[in-house]
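The values are calculated or read from the model by the stated rules, or taken from the named source; none is laboratory data. Here the structure is a predicted model, which means the values were calculated and not measured. Here Cβ is always computed from backbone atoms with ideal geometry, including for glycine, and neighbour counts include all displayed protein chains.
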Amino acid sequence: MPIIPAQPYEFDLPIPGTALIVIDMQRDFLEPGGFGAALGNDVSRLAPAVGPTRALLDAFRAAGLPVIHTREAHRPDLSDCPPSKRARGRGDLRIGDPGPMGRILVAGEPGAAIIPALAPLPDETVIDKPGKGAFWATPLHDLLTARAVTHLVFAGVTTEVCVQTTMREANDRGYECLLVEDATESYFPAFKAAALEMIRAQGGIVGWTAPSAAVCAALC
Ligand code: C5J
């Protein structure tokens, strides 16, 4: 079994048994005119995660390991969007409002799509999730259990919101979790740094972190 140099200590990467989870690499977060921008963020800050995420996709696909993409996206009638979530941020554009890339964070709209550089392959699972965590109100746990996945490698955005929430959900369900340091980004560099520190603190209380080069090298 490959063993990856990671923090706070080395991470086992069983093959088979490991899946890549790419969180919310959507136009609504990475491009101007979407949800991230509507909340006042500089969306260009997320771009550095694209190349490393692409490298992980290539490595997992070549190794024949499962790849799962998530999208934060609601039903068109917003029946899965709590009013409390929609009200947050007090931005000009809220979830469900029409924007330059269609209705904000609504499934099927252009803005909810994954960016072309990281487009899922036809046989890859794409999960639309109504929450910040990818396990809440989705079939993710059942899908992973059916495929005998025990170890999860995480990429995506944003580090301290949907990525960290999902990682904590996964940790509580017994998965061994590794966040790839350069394949995740935040609109706030300090939040990213803090999230990475929190994950690997206290002996890896929520998981591990490692650079994409270490993960890709182990899969070659
Ligand atoms: C946010 C996410 N930040 N994907 N969503 O609202 O992290």
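Details
- Contacts under 8 angstrom Cβ, first residue in region 14-37 being within 16 Å of Ala134 (Cβ to Cβ) and outside any loop (DSSP other than H, G, I, E, B), partner away from the ligand (no atom under 16 Å from the Cβ) and of a type in the set (D, E, K, R), 6 or more apart: Ala19/Arg147
- Test: residue in region 126-147 that is farther than 20 Å from Leu13 by Cβ and either at pLDDT below 95 or of a type in the set (Lys, Arg) (or both): yes
- Residues of region 142-175 that are over 20 Å from Ala213 (Cβ atoms), away from the ligand (no atom under 16 Å from the Cβ), outside any helix (DSSP H, G or I) and not aromatic (Phe, Trp, Tyr): Arg147, Ala148, Val149, Thr150, Arg173, Gly174.
- Note on region 38-68: residues that are acidic (Asp, Glu) and either within 15 Å of Thr184 (Cβ to Cβ) or part of a helix (DSSP H, G or I) (or both) total 1.
- Within region 23-39, the set of residues being near the ligand (Cβ under 8 Å from one of its atoms) and small (Gly, Ala, Ser) comprises just one member, Gly36.
- Some residue of region 129-138 being within 16 Å of the ligand (Cβ to nearest atom), on the phi > 0 side of the Ramachandran plot and surrounded by fewer than 21 Cβ atoms within 10 Å (Cβ to Cβ): yes
- Ala47 more than 14 Å from the ligand (Cβ to nearest atom) and at positive phi: no
- Ala62 being away from the ligand (no atom under 16 Å from the Cβ) and either hydroxyl-bearing (Ser, Thr, Tyr) or within 16 Å of the chain's Cα centre (by Cα) (or both): no
- In region 197-213, the residues that are part of a helix (DSSP H, G or I) and buried (at least 19 other Cβ atoms within 10 Å of the Cβ): Ile199, Arg200, Gly204, Ser212
- Test: residue in region 1-21 that is of a type in the set (S, T, N, Q), modelled with pLDDT of 95 or more and within 12 Å of the ligand (Cβ to nearest atom): no
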